[in-house]
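Remarks on the structure that follows.
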Amino acid sequence: MILETFPVGPLQCNCTVLGDEASGEAMVVDPGDNIPHILNLLEKHRLKLKQIVVTHGHIDHVGGALRLKKVTGAPVLLNQNDLPLLKMMSVQAAWLGVATPEVAPPDVSAEEGMSVGIAGHTASVLHTPGHTQGSICLHFAPEKLLLAGDTLFAGSIGRTDLPGGDSRQIIRSLHDRLLVLPDETRVIPGHGPETTIGEERATNPFLQSR
Ligand SMILES: [Zn+2]
């Protein structure tokens, strides 16, 4: 498995390129910005992009998805509950003081239980609302890997004070959907350093008692 995660854009969203050497297929998760760098990586590993998955509709995660789709032809997957956030992209851009990226509704809504991914590496979609109503995590069970978007961070959790956020709901998502995963599950969050489910279960102050 080829796995490259790197921060993109002013908010340093973690973008991940996941590829399969045998089939030459790749998926990109959260192409918020820096599309030329993503294209360079695909070329460096000789990968063909099959799928673009966006964990939620915030500008720093979805901002480059349509540009990447236009260059590669790969479909974009995003949960339909975040369509209202796509419609307010100019408002989101104003929060950051950046230009409004062109966005479009996803080709496919990434729904709870759906399988996404590429030959050799498939993930199931976990719908984990709370940071936004359409927030999803991707769980690659055999690889013991979770791409957590902005639901879980090392030592913290996603903010819930933006439109669509719900603090009780994110705690429920974390306990019911993420803390049930094996301790050794490697977690790549939407921002910041990677962690594991076991580490967060033991030390994350937001996940202790409820
Ligand atoms: Zn976010």
> Once amide H atoms are built 1.01 Å from N in the peptide plane, which residues 5 or more positions from Gly64, or in another chain, come under 5 Å H to H?
Replying inline: Gly32, Asp33
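Give me the percent of accessible area attributable to carbon and sulfur for segment 55-210, probe 1.4 angstrom.
54 percent
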> Over the alpha carbons of the chain, what is the largest minus smallest coordinate on each principal axis, giving the biggest first in Å?
Replying inline: 47, 41, 27
>> How much accessible area per residue does segment 1-127 have, counting only protein heavy atoms and a probe of 1.4 Å, in square angstrom?
In response: 43 Å²
> Whole number please: convex hull volume per residue of the Cα set in segment 49-116, in Å³?
Replying inline: 74 Å³
>> So for segment 123-208, considering every pair of alpha-carbon atoms, how many percent are separated by more than 23 Å?
In response: 10 percent
>> I'd like to compare 16-28, 54-66: which one has the highest average count of other Cβ atoms within 10 Å, and what's the full order after that?
In response: 54-66, 16-28
> Going out from 0 in 5 Å bins, what whole percent of all Cα-Cα distances in segment 1-85 drops into each bin?
Replying inline: 3, 16, 29, 26, 16, 7, 2, 0
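In a shell of Cβ-Cβ distance under 15 Å around Thr128, excluding Thr128 itself, what net charge do Lys and Arg (+1) and Asp and Glu (-1) give?
Computed value for this residue: -4.
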> Given H placed on each backbone N at 1.01 Å, which residues far from Asn79 in sequence or on other chains put an amide H within less than 5 Å of it?
Replying inline: Ala110
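How big is the antiparallel share of DSSP beta bridges in the chain, given as a percent to the nearest 5? Show your work: numbers first, answer last.
Details: 27 of 39 bridges.
Of all bridge pairs located within the chain, approximately 70 percent are antiparallel.
The values are calculated or read from the model by the stated rules, or taken from the named source; none is laboratory data. Keep in mind that what you see is a predicted model, and the values were worked out from it rather than measured. As a convention, Cβ positions derive from the backbone with ideal geometry for all residues, glycine included, and neighbour counts pool all protein chains shown. The accessibility values were calculated without ligands, DNA or RNA, using every heavy atom of the protein model including side chains. Shrake-Rupley method; radii C 1.70, N 1.55, O 1.52, S 1.80 Å.
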